[in-house]
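The values are calculated or read from the model by the stated rules, or taken from the named source; none is laboratory data. What you see is a predicted model; the values in this text were computed from it and never measured. Methodologically, a virtual Cβ is constructed for each residue, glycine included, from the backbone with ideal geometry; neighbour enumeration extends over all protein chains shown.
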Amino acid sequence: KRKMLLPFWALSCVLLAFLPSHTDSVAVMSVDLGSEWMKIAIVKPGVPMEIVLNKESRRKTPVTVALKENERLFGEGALGMSLKNPKVVFRYLQDLLGKRIDNPQVELYKKRFPEHELVKDEKRGTVVLKLSDELHYSPEELLAMVLNYSRSLAQDFAEQLIKDVVITVPAFFNQAERRAVLQAAQMAGLKVLQLINDNTAVALNYGVFRRKDINATAQNIMFYDMGSGSTVASIVTYQTVKTKDSGVQPQLQIRGVGFDRTLGGFEMELRLRDYLAKLFNEQKKTKKDVTQNARAMAKLLKEANRAKTILSANVDLMAQIEGLLDDIDFKSKVTREQFEELCVDLFKRVPGPLFQALKAAEMTLEDVDQVILVGGATRVPKVQEVLLKAIGKEELGKNINADEAAAMGAVYQAAALSKAFKVKPFVVRDAAIYPIQVEFTREVEEEDGAKSIKHNKRVLFQHMAPYPQRKVITFNRYTDDFEFNVNYGEVNFLGAEDLRAFGSLNLTTVRLSGVGASFKKHTDAESKGIKAHFNMDESGVLTLDRVESVFETAVEEKTEEESTLTKLGNTISSLFGGGSPEPDNVTVQEEEASPVDGGEEKEDEPASKEEGAPIKEEKAQEKSEDAAQAEEGKAEGEKVEEKAEPRKKKDTKEQEDAGKEGEGQEEAGKAEEKEAAKPKSPKKAKISDEIIIELKINDLLDPSEEELNESKKNLLFITILTQLWFRYLMCSASTHVFLFLTQDKISQEEYRFVSTEQEREELSKKLSDASNWLDEEGFTATTKELKEKLSELKKSCRILFFKVDERRKWPDRLAALDSMLNHSSIFLKGARMIPDDDQIFTEVELSTMEKVINETAAWKNETVAEQKKLSPADKPVLLSKDIESKLAALDREVKYLLNKAKFAKPKPKKDKEKNTTKTEARKNATDSEKVIPPKDKTTEVKPVEEPPKDENAGKDDSSNSQSEPLELEGLKDAASKKKTEQENLESHLDDEL
């Protein structure tokens with residue numbers, strides 16, 4: 001046994017080493033973060049793309065958090081709390097992210113939720129939600145709580161730790177709003193693989209499941225997404241493209257986006273809520289105004305949500321609320337026509353995002369193949385009616401899950417970005433809605449010698465520019481430290497209200513230091529300008545990676561004498577028309593992009609170009625955007641470069657001509673003469689110095705590292721406090737329940753039967769004292785004190801509960817023991833009846849089993865008799881655990897013998913035919929005079945198959961010939977009888993056991 005334990009233990013360790021540990025997380029998750037709901041999806045080994053169910057087994061969870069004194073509630077629990085105490089429940093946090101206190105969106109939030117107190121953060125100018133003088137939270141902190149809760153749901157569903165996440169955000173989120181979401185995720189301890197636009201996630205989910213339908217022909221699909229808080233229309237082009245790494249793969253490209261920040265289902269519910277409040281006030285059942293009661297308005301909002309859902313499928317409904325105000329019930333009929341009249345102006349805004357998207361994509365409705373509905377608010381019949389009329393098509397597409405498409409697309413992207421999974425490639429080209437440009441000033445000299453300051457603009461990203469993408473802007477005229485600004489470009493496509501809600505158009509001021517020192521350091525080198533490297537990552541967040549000053553200096557090139565083999569190789573190459581190939585016109589350094597403004601700088605450019613007039617967007621076939629920027633930047637000497645610019649192809653026309661038959665040697669000779677005639681240009685080396693960057697954020701100040709750490713500590717403290725509070729509540733509830741049940745038990749008959757009057761009185765007094773202590777001091781008691789009190793009470797009741805529990809177990813345990821004794825005795829009796837020739841059990845085995853049966857029966861009789869002599873209040877001597885031990889010992893012996901019988905092989909039986917041959921041979925040898933003698937020796941051992949045909953011989957041997965068959969028949973009958981008895985015994989034992 002010891003020898004077998006070590007290999008098994010070693011094998012267990014090897015198997016455990018290959019199991020995924022909690023520290024090395026494999027699963028990834030996505031959070032479709034909507035205004036009202038969030039949908040969570042995971043991917044883990046063996047579970048591809050699954051929606052996470054919350055604690056209520058629902059597939060979507062409200063983005064709601066309730067903050068009480070020592071408790072936090074999320075999801076449905078927090079939503080239910082809004083009916084009791086709306087002041088502590090926070091919803092629709094997206095409207096406050098990345099906003100200053102004077103933003104119109106913040107004013108709208110105050111109007112929608114007047115029960116909340118919003119104050120200004122003096123450091124950042126943002127919003128803080130104030131609960132009390134000590135408790136106040138930023139929207140990022142509240143969102144971090146929600147994200148942390150979403151991770152806990154995903155981890156419970158995946159049964160492992162999860163850290164990597166892809167979060168969806170509205171496509172119209174600007175830089176400040178996107179950074180706010182990233183900060184919230186950082187507070188929650190999540191690693192954000194990507195912020196993906198919700199319309200892009202929907203388009204990815206649509207394309208992944210229709211991969212076979214995508215080909216080289218472009219398909220234009222519009223996704224119209226009307227959710228609870230906003231509406232977004234996106235035009236997506238699907239087609240296959242050739243990639244460098246994976247060959248031909250499907251691709252989606254966002255071509256146009258239109259949106260309305262405040263058009264959604266929630267605004268419809270608010271209209272309906274106010275209408276229901278008006279109906280209740282008109283009934284005049286109370287003098288109070290229902291609109292002034294926060295709890296009553298929360299109940300009306302919940303009923304309005306239900307009414308909107310029902311009216312999407314029915315023409316009317318009966319709205320009713322019990323105890324709306326002052327215990328007065330509300331009941332009124334609402335029709336779909338009334339609902340549509342309340343939202344007339346909202347329905348007029350429905351086609352707006354659609355036409356904005358068409359304008360941004362430079363398309364018409366004829367270019368769009370299909371319009372697909374996404375989002376819960378698109379289920380309103382009037383919305384579909386207005387849309388259908390606007391697009392002029394036969395029907396609207398509804399072939400996608402309107403609620404879960406974004407979550408599923410985002411989790412597919414999470415799996416693609418994670419190193420733990422391998423998915424089929426799907427190229428995603430998202431688009432930045434807001435243009436971004438670089439602005440700077442420079443002192444110039446006029447013709448009359450006067451100096452003036454001129455303002456210049458260079459566009460980094462145009463409207464609907466694809467990302468992720470890197471850009472480089474080069475400043476050629478600065479030789480000393482300077483600064484420039486990164487701002488939003490022309491956003492004239494935004495309406496007046498959207499522009500006010502957009503916030504600051506200024507992003508960042510960049511101050512560069514060390515430029516002058518770099519130029520003084522490289523006085524002998526040629527300056528190639530100051531290059532600023534910008535990156536818009538997969539999340540749509542713009543960053544300035546680095547700034548460097550670049551110089552070139554000539555390097556002396558050492559000439560080396562060619563070896564004999566090199567000369568021979570060149571000669572052979574020229575004979576076959578090779579000649580000396582021209583060098584590739586390709587930039588060797590991948591980090592640097594090729595300049596797009598080839599040509600010398602000109603000082604006499606028109607002033608309009610210097611002022612940075614807007615550059616018209618042209619078709620790719622005619623002129624690229626970067627080429628236009630390059631032409632505009634000639635005057636000032638600044639240029640914008642793209643990282644991913646394609647290299648120039650080698651001109652192979654001369655090589656093809658030189659390779660023609662009969663002309664190879666002549667062309668090669670001419671090329672060598674031209675090459676020898678041209679003076680060789682000196683080899684140049686690149687020198688770059690890192691420039692120190694100082695950033696000043698102008699749109700919305702990010703929290704400092706200390707503030708982020710402080711927020712993390714606060715959230716961790718709240719989480720721990722919530723867990724401790726939950727434990728306290730559980731312990732307090734357990735103590736109360738134990739007291740209640742025990743006081744009820746001691747009055748029951750079975751408990752009175754096993755206890756004395758004095759014991760019951762003492763126990764009842766302890767329970768009463770504990771109950772009084774809970775009522776008086778239990779509210780201030782700690783969790784430790786409650787646990788000690790509960791443990792003390794359980795210890796006092798242990799003997800009483802033990803006696804009752806033992807008496808409950810006796811009947812079943814004793815009946816099982818009697819049955820086992822009976823069956824074991826039958827088995828032992830049958831085993832001893834097996835004939836000696838067929839016996840498979842040894843005498844030691846049978847004796848051992850007989851001893852166990854006798855000892856068990858004796859113990860049972862003695863213990864039961866002793867127990868009967870005791871009083872019911874005495875401690876029992878007949879214990880259920882002892883009965884179970886005896887049962888196990890007896891069962892072990894029986895199973896051992898049964899297993900031996902099951903795998904035992906039958907003993908070999910004698911060959912009857914061979915025995916018959918030997919018997920007849922002996923008879924033949926005795927009566928040899930009466931039988932024809934054998935002719936040779938071989939006939940002596942040959943079986944006698946037939947009796948002799950000689951009549952005399954047959955008569956003389958008649959007595960002997962009949963005796964042998966009778967003897968054989970008797971042996972056969974005896975063997976058959978024994979076999980039948982054994983089979984019957986085994987069958988009986990099987991049935992009994």
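Considering only residues in the stretch 320-367 that are part of a helix (DSSP H, G or I) and free of Cβ contacts under 8 Å to residues at least 40 places away in the same chain, the one that is surrounded by the most Cβ atoms within 10 Å (Cβ to Cβ) turns out to be Phe347. Within the stretch 287-299, work out how many residues are in contact with a strand residue (DSSP E or B) (Cβ under 7 Å, 6 or more places away or on another chain) and in a helix (DSSP H, G or I). Going through the stretch 287-299 one residue at a time, the tally reaches 3. The selection criterion, being within 30 Å of the chain's Cα centre (by Cα), of a type outside the set (Phe, Trp, Tyr), crowded, with 16+ Cβ neighbours inside 10 Å and within 22 Å of Leu700 (Cβ to Cβ), holds for Gln94. Among the residues of the stretch 696-704, some residue qualifies, meaning at least one is closer than 28 Å to Glu71 by Cα and either touching a residue at least 24 places away in the same chain (Cβ under 8 Å) or in a helix (DSSP H, G or I) (or both). Looking at the structure I just gave you, is Ala858 more than 28 Å from Gln748 (Cα to Cα) and part of a helix (DSSP H, G or I)? So Ala858 fits the description; yes. Tell me, please, whether a residue that is part of a strand (DSSP E or B) and modelled with pLDDT of 90 or more can be found in the stretch 10-28. Yes, that holds for at least one residue. Scanning the stretch 777-807 for residues that are aromatic (Phe, Trp, Tyr) and at pLDDT 85 or above yields a total of 2. Taken together, Thr735, Thr756 contain a single residue that is surrounded by 13 or more Cβ atoms within 10 Å (Cβ to Cβ) and hydroxyl-bearing (Ser, Thr, Tyr), which is Thr735.
Only a single criterion out of (1) aliphatic (A, V, I, L, M); (2) crowded, with 16+ Cβ neighbours inside 10 Å; (3) more than 30 Å from Asn487 (Cα to Cα) is not satisfied by Leu721, namely (2). Of all residues in the stretch 396-420, those that are on the phi < 0 side of the Ramachandran plot have Cβ atoms under 6 Å from Cβ atoms of residues that are of a type in the set (Ser, Thr, Tyr) and in a strand (DSSP E or B), 6 or more apart or on another chain, in Ala406/Thr168; Ala407/Ser30; Ala410/Ser30; Ala410/Thr168; Val411/Ser30; Ala414/Ser30.
Residues in the stretch 546-560 that are surrounded by fewer than 17 Cβ atoms within 10 Å (Cβ to Cβ) and either free of Cβ contacts under 8 Å to residues at least 24 places away in the same chain or among the polar types (S, T, N, Q) (or both): Thr553, Lys558, Thr559, Glu560. Counting only residues that are among the charged types (D, E, K, R) and crowded, with 21+ Cβ neighbours inside 10 Å, the stretch 120-140 holds 1 of them. Assess whether Val510 counts as being touching a strand residue (DSSP E or B) at 6+ places or on another chain (Cβ under 7 Å) and among the aliphatic types (A, V, I, L, M). For Val510, the condition - touching a strand residue (DSSP E or B) at 6+ places or on another chain (Cβ under 7 Å) and among the aliphatic types (A, V, I, L, M) - is met. Note on the stretch 828-855: residues that are surrounded by 13 or more Cβ atoms within 10 Å (Cβ to Cβ) and not in a helix (DSSP H, G or I) total 4.
Within the stretch 419-442, being basic (Lys, Arg) and either in contact with a Leu (Cβ under 7 Å, 6 or more places away or on another chain) or closer than 28 Å to Ile235 by Cα (or both) holds for Lys424, Arg429. Residues in the stretch 445-492 that are aliphatic (A, V, I, L, M) and touching a residue at least 24 places away in the same chain (Cβ under 8 Å) were compared, and the one that is nearest to Ala361 (Cα to Cα) is Met464. Can Leu143 be described as surrounded by 24 or more Cβ atoms within 10 Å (Cβ to Cβ) and either closer than 24 Å to Leu700 by Cβ or out of contact with any Gly (no Cβ under 8 Å at 6 or more places or on another chain) (or both)? Spelling it out, Leu143 is indeed surrounded by 24 or more Cβ atoms within 10 Å (Cβ to Cβ) and either closer than 24 Å to Leu700 by Cβ or out of contact with any Gly (no Cβ under 8 Å at 6 or more places or on another chain) (or both).
Listed conditions (1) under 27 Å from Lys905 (Cα atoms); (2) part of a helix (DSSP H, G or I) are all met by Lys803, apart from (1).
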